[in-house]
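First comes the structure, then the notes that go with it.
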Amino acid sequence: MNQGTQGKHAQTRLWIRNEDSLGNTVDDRLIEAGYRVWDRARLMVLRYLAEDTEAPEILEAAVDSASRAMGNHRSIQFFEAYLLRSVARESVRRLRKSQRISYVDNVDLNLLAGTVVFDLDRQLDDAKRIELFRACMDEHGRTMYDLRVLEYDWRSIAKLTGYEDAHSAEVQFGKKIDKALDRFRAHHKSRLKAPGGGE
């Protein structure tokens with residue numbers, strides 16, 4: 001089965017309900033966003049889990065979660081980015097649980113972070129290190145990072161995350177990476193200074 005056929009088959013398994021798990025009516029804009037991001041969400045699940053069989057369930061759950069959040073009067077400004085972020089987060093959670101593949105190659109982190117030497121390389125495996133690095137970013141930065149790892153161009157990232165143009169998105173992401181690296185280094189220094197050297 002080729003990738004195109006797989007995509008069409010997977011699409012038939014995607015069913016976004018009109019009501020969420022709390023019985024609230026799902027906003028039409030949210031449902032439309034769910035179907036719009038389907039292909040990107042499926043590729044994201046493929047990237048993390050090496051197959052897309054769980055993609056419909058993950059995206060449907062993301063829409064449900066977003067609807068429940070809106071029911072609690074939480075404002076969601078960018079539906080597509082919110083859903084993709086939720087799909088990425090759940091995919092990573094399932095990956096960590098199953099430990100089927102490495103979530104991201106260490107080379108990807110080095111390309112983004114530059115030639116930074118991490119003192120804890122011997123103590124943390126790639127999956128834990130990348131998880132920690134992502135945790136050092138703000139929410140917007142994590143979304144941009146995930147999209148970048150998935151090889152989205154800056155124009156697409158700008159559109160998904162609300163920046164005016166590709167250049168603005170790239171510049172702001174660079175600033176977010178710098179701040180995340182500062183937090184990352186500070187965390188490592190504090191671990192190395194801690195009694196017993198951390199874990």
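Using the structure shown, decide if residue 1 is in contact with a helix residue (DSSP H, G or I) (Cβ under 8 Å, 6 or more places away or on another chain), open to solvent by 50 Å² or more (accessible area, probe 1.4 Å), modelled with pLDDT under 80 and not charged (D, E, K, R).
Against the criterion (in contact with a helix residue (DSSP H, G or I) (Cβ under 8 Å, 6 or more places away or on another chain), open to solvent by 50 Å² or more (accessible area, probe 1.4 Å), modelled with pLDDT under 80 and not charged (D, E, K, R)), residue 1 qualifies.
Quick one: count up the residues across segment 14-37 that are assigned to a loop (DSSP other than H, G, I, E, B) and charged (D, E, K, R). Spell out the reasoning first.
We begin by selecting, within segment 14-37, every residue assigned to a loop (DSSP other than H, G, I, E, B); these are 14-18, 20-24, 26-27, 37.
The next check asks that each one be charged (D, E, K, R); those that pass are 17, 20, 27.
Summing the residues that are assigned to a loop (DSSP other than H, G, I, E, B) and charged (D, E, K, R) in segment 14-37 gives 3.
Do we find a residue being of a type in the set (Ser, Thr, Tyr), open to solvent by less than 20 Å² (accessible area, probe 1.4 Å) and either assigned to a loop (DSSP other than H, G, I, E, B) or modelled with pLDDT under 50 (or both) anywhere in segment 93-102? Before you say what the answer is, go through the steps one by one.
Quick first cut of segment 93-102, residues of a type in the set (Ser, Thr, Tyr) only: 98, 102.
Now narrow it down to the ones that are open to solvent by less than 20 Å² (accessible area, probe 1.4 Å): none.
The answer is no; no qualifying residue exists.
Can you tell which of 137, 144 is open to solvent by less than 30 Å² (accessible area, probe 1.4 Å), at pLDDT 85 or above, aliphatic (A, V, I, L, M) and assigned to a helix (DSSP H, G or I)?
144
What pairs can you find where one residue is in segment 165-178 and more than 13 Å from residue 152 (Cα to Cα), the other is open to solvent by 30 Å² or more (accessible area, probe 1.4 Å) and at pLDDT 85 or above, and their Cβ atoms are less than 7 Å apart, with a gap of 6+ or different chains?
172/163; 176/138
Residue-wise test of (1) modelled with pLDDT of 85 or more; (2) in contact with an Asp or Glu (Cβ under 6 Å, 6 or more places away or on another chain); (3) among the charged types (D, E, K, R).
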| residue | (1), (2), (3) |
| --- | --- |
| 48 | no, no, no |
| 51 | no, no, yes |
| 55 | yes, no, no |
| 82 | yes, no, no |
| 108 | no, no, yes |
| 131 | no, no, yes |
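Against the condition part of a helix (DSSP H, G or I), more than 11 Å from residue 84 (Cα to Cα), open to solvent by less than 10 Å² (accessible area, probe 1.4 Å) and touching a Ser or Thr at 6+ places or on another chain (Cβ under 9 Å), how does residue 59 come out, does it pass?
Details: part of a helix (DSSP H, G or I): yes; more than 11 Å from residue 84 (Cα to Cα): no; open to solvent by less than 10 Å² (accessible area, probe 1.4 Å): yes; touching a Ser or Thr at 6+ places or on another chain (Cβ under 9 Å): yes.
Criteria not met by residue 59.
Would you check which residues across segment 148-183 are part of a helix (DSSP H, G or I) and aromatic (Phe, Trp, Tyr) and list them?
So the first thing to find is which residues in segment 148-183 are part of a helix (DSSP H, G or I), and the list is 148-149, 154-161, 166-183.
Once the filter is applied, which keeps residues that are part of a helix (DSSP H, G or I) and aromatic (Phe, Trp, Tyr), segment 148-183 yields 154, 173.
Could you figure out which of (1) in contact with a Leu (Cβ under 9 Å, 6 or more places away or on another chain); (2) at pLDDT 90 or above isn't true of residue 31?
(1)
The values are calculated or read from the model by the stated rules, or taken from the named source; none is laboratory data. Everything numeric here is computed off the predicted structure, so don't read it as measured data. FYI the Cβ positions are ideal-geometry reconstructions off the backbone, even for glycines, and counts take in every protein chain you see. What goes into the accessible areas is simple: the full protein's heavy atoms, side chains included, and nothing from ligands, DNA or RNA. Shrake-Rupley method; radii C 1.70, N 1.55, O 1.52, S 1.80 Å.
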